Every structure is written in C-alpha cells, then in structure tokens.
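Following: one structure in structure tokens, then a few remarks.
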Amino acid sequence: MSGINYSEKIPNNVNLSEDRTLQRALEQWQPNFINWWDDMGPEGSTGMDVYLRTAVSVDPQGWAQFGHVKMRDYRWGVFLNPGEQDRKIHFGDHMGEKAWQDVPGEHRANLRRIIVTQGDTEPASVEQQRHLGLTAPSMYDLRNLFQINVEEGRHLWAMVYLLHKYFGKDGREEADALLQRNSGNEDNPRILQAFNEKTPDWLSFFMFTYFTDRDGKFQLCALAESAFDPLARTTKFMLTEEAHHMFVGESGVGRVIQRTVNAMNELKTDDVGKLRAAGVIDLPTIQRYINFHFSVTIDLFGADQSSNAATFYSSGLKGRYEEGKRTDDHVLKGNTYKILSVEDGKLLEKEVPMLNALNEVLRDDYIKDSVGGVDRWNRIIEKAGVPFKLTVPHKAFHRNIGSLAGVKVSPDGRVVSESEWQTKVGEWLPTDQDRAYVGSLMGRVVEPGKFANWIAPPVMGINRQPVDFEYVRFN
Ligand SMILES: [Fe+2]
Ligand SMILES: [Fe+2]
C-alpha cells in the first residue's frame, strides 16, 4: 500500500497504530519537535500561509498535494517506499542473503551512527537558513525556502522513526539529542562542520542547495542500497523530496547569472565596480562562491582512505551510488582505486585498496554530477555572448579532510606556496568585501510577481501556477 494515513496524529504509511508503544513514544517526541520548530525554524513565519506540497502517497505519480498551510501545521510524518518482496542484499560479504527487516546486533552501533549523522544534517540546515526569509528576493523564492525547510523537518522525522523503532532506549536518546544540538552552537554543535557554517545570504543559500543538498542526495543514494531494508525504503522516499531542493539551487544560481549577464550586455561592461554599482553580482564573485561551497561540501564525504567506509560497505550497511547498475563483483576485495596525495610538493595519484577508498568513490561520483549544473550555468553565459566560463575547482583545492587536508592547491590544481596562497586567496575564495557586498543586496521583496534587482524571475511558477501567484499569504 502506498497510501498515507492522515487520520492519525502522525501521518504514516507504516501502520503506526499497530505498535502502541512506538506510537506513544513518537507522539511524545512530536511536541518537542514543534518546540524546536518554533525556536529554531524560519524566523517570523508563524502566521503565514504557505503554498506547500505535502506528501500524500509514496507513488511517484502524484505523490504530492499542494495547498496553503501554516508551516507549524504541516503534516510531518513517516513515509517509506513500498518494500520489495524477497529483497536480497546485493553487495558486500552478505551478498545474496535476505535483506534485514531488523538490525543485526553486530551492526547496531554502526547503523545507529550512520542514521544519527544523516538525521543531524536535516534540522541543521533549517537552523542555518532560519533568517533568510527576512531577506527573500521574491514571494516565489520565499515559498521555495519554506518548502525546503519543512521537508528537511520531515527528513528528520524519517530518521527519528528508525531510531525509535529499531534502537530502543539508545535510539530515543539519540532522537532527543537531534533537537538539542544546534548549528553553530559552541557548546553543542551539529556533527558535521559544513552544517555549522552560516548561510548568511541568498547566494549562499542557492549554492548550499545546489552543492550541499546534492551531497545529501549521494549519501541517501548510498543508504538506499542498504541491507537494512527500512533504511533503504526511507531514504528512497527522501530522495523524491530532495530533487526539488537541488532544483531550487540550480535554478537560483542560474537566475542570478541571467540577471548579471543581462546587466553586462545592457551596460556593455565586465567591470566589477560598474556592475556592483548597478546592483548585480559579478561573475568572479559567483565563481568564488562556487569554489567555497564546492570545496566545503566535498569534505563531507570524509577521508579518502577510511577503514570505516570499508566496514560499512562489506557489512552491507551502505552501498555505492547506483550499486545495482555496476558490473563488478560488488565485493571489491582485490580491487584498487586511485586517490590523490601530495609528495615532494606535487599532486600524485596513488593506487589503494578500493574498499578503503569508498568515500573517494562516492566523492568522485558526486563531482561528476555537480559539474553538470555548472555546464548549464555556462550555457546561460554563452547564450548572452559573454566570454566567461565558470568551473568547479580542482578536487584538492581548499580541503580540510583526508590526505589533502591543509595542502595549498590553486583552483586549477597547482600546489602553491604559502605566500602565493596568501596573495591569491582573495581571488579564489569569497572575501569579506564580497560577502559584505552580497549582503548589502539582500532586502525583502515579497509583492507577488516582483523580484529583487540582482536576480531574474523564474521561467515558470510552482505546480503550474503563474510566477506572480500569491505563494505566501502574510495575513
Ligand atoms: Fe534532507
Ligand atoms: Fe535537502
């Protein structure tokens, strides 16, 4: 059954009412979640009615319904993709065995850690984005921000359900802790560093949803292969929601670029000072934002050599991206993989056992995928006849984890001296002035159909509504 039961306090398609203890535990967690939303969710949004999609089914055809709702009344719930009959584990040492419907004792600690780490990122991004509504460039964008925020809230529910149902007392404690850590909090920060960074402006937000939500996609894809079937089914449904987040990022950056190249053509200039005077974001600044968000995000995949990654794979907890489509033996014992290291001031490829390099494998798949959007951004620039090309920086640029941590490498992949780094870093990463300039553009534009000067309108509205539709009612 793909239908979702909305008559219960917690909407679900997992027959929650048949497990009274679990239902009661989740119903006790629910008000804490709402308190967290009130304290840490989108600032000043309580009275607004927002045109949101809500999941009504897990059927890919017609899974969502649209309507104006108050966000704190959003029907957050537990939705799993339908189970596959007789699903088998398709990689690692347990290949060919039946997928697990429960957590095997020996994998309990690792699975819990994987689920907690994923779960922690979901509310973290809501916290990072909580002030952005105050400076939305349009009502359309404000609605998209809120849509992402409520869905990240639902992703938290997805992980909390697993913790409560399969991990007993430890799981319930972890679920509580997910509401206690806060992004950027000195005493009790979020687990991963990228989720403690600020998202101070809308260019950062679009970059975050393009690059960092895409990290989410790749992590979820790897977990969707898991031998632990409830985790696989949950993450598959999360991926359905995730696609829109990356769309917001890709189209958002695309619209910023569109507005900039339009201004460049109107003013017949590529002079940064003149473009800034005209109130648009110059392409070199956009490039520096790409460099920052790309490098911070690829760190999220972890160290390039990791015995944990090998264990997670061999024991069937976490597969590779599109594991099922690969043609190797899915055990990988004798296989090798090339990773980068620095020797005598040069970047060198070095062959290591693939099992230990699975973080790197996932990172490389991510890099291939994220380049696609940058190519599409370049087409906007090309179409406008502007001679400028955006690129993703070299994998070794500005890294803070693994064998490349702290090595000074230029965006085009040259190992550079400390002094060259110091002179050039202002061309490579956003400077305080860049951030102050972008920040100075942020102001609230929320009349239907109006857009801030630094961003072009979208080509289409949401759910076939017109662009000037009243996506948010302020009441
Ligand atoms: Fe998410
Ligand atoms: Fe997301």
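Read the figures in this text as sums done on the coordinates, not as results from a lab. In this text the structure is predicted, and so the values were computed from the model without any measurement. Positions of Cβ are backbone-derived with ideal geometry, glycine not excepted, and every protein chain shown enters the neighbour counts.
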Worksheet, complete the sentence: The computed P(r) of the range 51-141 puts the percent of Cα pairs beyond 15 Å at 79 percent
Worksheet entry | Calculated [θ] (222 nm, deg cm²/dmol) that DSSP helices of n ≥ 4 give over the chain, each run adding -39,500 (n - 2.57) | -15000 deg cm²/dmol
Worksheet item: Between residue 464 and residue 371, what is the spin-label point distance in nm, taking each point 7 Å from the Cα along the Cα→C-beta axis?
Response: 3.8 nm
Worksheet entry | Cα centroid separation - the range 331-368 against the range 74-118, whole Å | 27 Å
Item to complete: List the aspartates and glutamates whose Cα lies under 18 Å from the Cα of residue 88, skipping any in the same chain that are fewer than 8 positions away.
Response: 97, 102, 225, 229, 322, 323, 328, 329
Practice prompt. Post the alpha-carbon centroid distance, the range 222-276 to the range 1-63, in whole angstrom.
Written response: 26 Å
Worksheet entry | All lysines inside 30 Å of residue 346 as judged from Cα atoms, apart from same-chain residues fewer than 8 positions distant | 333, 338, 368, 389, 395, 408, 424
Item to complete: Give me 148, 298 ranked fewest to most by other Cβ atoms within 10 Å of their Cβ, as a rough exposure proxy.
Response: 148, 298
Fill in: For the chain, share of DSSP beta bridges that run antiparallel, in % to the nearest 5
90 percent
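Test of the criteria: in the range 1-88, which GluC sites (Glu not before Pro) are in a DSSP loop and have at most 11 other Cβ atoms within 10 angstrom of their Cβ?
For GluC sites (Glu not before Pro) across the range 1-88 that sit outside H, G, I, E and B with at most 11 neighbouring Cβ atoms in 10 Å, the list reads 84.
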Discussion item. Using a 7 Å offset from the Cα along the Cα-to-Cβ direction at both residue 21 and residue 198, what is the distance between the two label points in nm, to one decimal?
Written reply: 4.7 nm
Discussion item. Expected output is a single nm value to one decimal: the length gained when fully extending between residue 95 and residue 336, i.e. 0.36 nm times separation in residues minus the C-alpha distance. What is it?
Written reply: 84.8 nm
Worksheet, complete the sentence: Two pseudo-spin positions, 7 Å from Cα along C-beta at residue 169 and at residue 421, lie apart in nanometres by 4.7 nm
Fill in: Packing-based exposure ordering (other Cβ within 10 Å, fewest first) of 122, 186
186, 122
Worksheet item: Can you list the lysines whose alpha carbon is less than 18 Å from that of residue 9, not counting same-chain residues fewer than 8 positions off?
Response: 70, 165
Practice prompt. Can you tell me which of 432-438, 154-160 comes out highest on packing, and rank the rest after it, using the mean Cβ neighbours within 10 Å?
Written response: 154-160, 432-438
Discussion item. How large is the translational diffusion coefficient of the range 170-312 in µm² per second when you combine the Kirkwood radius over alpha carbon pairs with Stokes-Einstein at 25 °C and 0.890 mPa s?
Written reply: 138 µm²/s
Discussion item. Restricting things to Cα coordinates, could you compute the convex hull volume per residue of the range 328-460 in Å³?
Written reply: 191 Å³
